1. Which one, Pro79, Asn35, Ile142, is farthest towards the positive end of the dipole of the chain when Lys and Arg carry +1 and Asp and Glu -1 on their Cβ?
2. Rounded, prolate or oblate: which fits segment 113-251, taking a ≥ b ≥ c as square roots of the Cα gyration tensor eigenvalues, rounded meaning a/c under 1.5, else prolate when a/b beats b/c?
3. Are there DSSP H segments in the chain that both extend 27 Å or more along their axis (alpha-carbon positions) and score a mean Kyte-Doolittle hydropathy of at least -1.0? List them, or say none.
4. Using a Gaussian network model on the chain with a 10 Å cutoff between Cα atoms, which of Leu131, Leu42, Leu171 fluctuates the most?
5. Going toward the positive end of the dipole of the chain, with +1 on Lys and Arg Cβ and -1 on Asp and Glu Cβ, which of Thr234, Trp50, Gly110 do you reach last?
6. At a threshold of 8 angstrom on Cα-Cα distance, excluding pairs fewer than six apart, so keeping six or more, what relative contact order does the chain reach in percent?
7. Shape of the chain from its Cα gyration tensor (a ≥ b ≥ c, root eigenvalues): rounded if a/c is under 1.5, otherwise prolate when a/b > b/c, or oblate?
8. Take the alpha carbon gyration tensor of segment 90-149, find the square roots of its eigenvalues, order them as a ≥ b ≥ c, and report rounded if a/c is under 1.5; if not, report prolate when a/b exceeds b/c, else oblate.
Amino acid sequence: MPIFASAVPPTRSELIDHLVRTRIAGDVATPRENNLSHYRKLANGDRHYWLGLELGDRWADEQDVLAVMAERCGVVDDPDHRRGQDTIDPELTVGALDRAAAELRKAAEGRRRVMFATGHPGALLDMHGALARALRDAGCDIVRVPLGTYADEGVVAQFGGVAVYERGASLWHTHSPEPMAQVLAELRRADEALPDLVVADHGWAGRAGQQGIDTVGFADSNDPALFLGEYEDTLSVTVPLDDHVTDPRFYEPMTAYLLSAAQLSAD
């Protein structure tokens, strides 16, 4: 776990209170206008919003996308609500965390090969790193990204077992699926096994799921593709949450809950 995290995981009700208080769920900072804009662009075929998934023409109706987001993420289901506050249902967040924990537990029991990656290194790097460490300690093989894996005019780096996109000596926020695509290509080129499970967000998760890898994704209310991927069983789980709140420490109780639910040690 991150060095400042509490060793005591919260109860379900305590976690829900925390998620709402820190706006990881509940009344989130992402405005309704931004959510609807992303749903519309996905429906119109803008691949930037597909996050590495191949959606074809199955989601060409923006209202169908909204319906799934209301069901899976908890955004307001009223199509006439066009501006202002939108929401993520914290009960859906915790329910998805429980399903994600089951996937982590299955990986630990089978000592599976697992890859972690984040397009939000300024927010979720510690969370992914804590999960990677716990699974490594449980006997899993954590994928090491082959050296010299390049994508999008940058390089795929790795910290604490978590793959990230680096360019110009900085870690970047990215939605692109290309870093994951290149990692998988380099693993094949090196005749190394692909991951059995990927735990990631954004295009890292979408491209892994699209390539048939069991995937646990984390997604914001303005990133509908991963929820559609879960709806179509391309992703195993998609956890709804605001993926960049004001302090990355706010994710520590959620991480502790997830580790406890997966029966994994945070030490």
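The values are calculated or read from the model by the stated rules, or taken from the named source; none is laboratory data. The model shown is predicted, which means the values in this text are computed figures rather than measured ones. With ideal geometry, Cβ positions are generated from the backbone for all residues, glycine too; neighbour counts draw on all protein chains shown. SASA here: full protein model, heavy atoms, side chains in, ligands and nucleic acids out. Shrake-Rupley method; radii C 1.70, N 1.55, O 1.52, S 1.80 Å.
1. Ile142
2. Taking the square roots of the gyration eigenvalues as a ≥ b ≥ c, segment 113-251 is rounded.
3. 90-110
4. Of Leu131, Leu42, Leu171, the most mobile in the Gaussian network model is Leu171.
5. Gly110
6. Result for the chain is 28 percent.
7. oblate
8. In terms of gyration-tensor shape, oblate.
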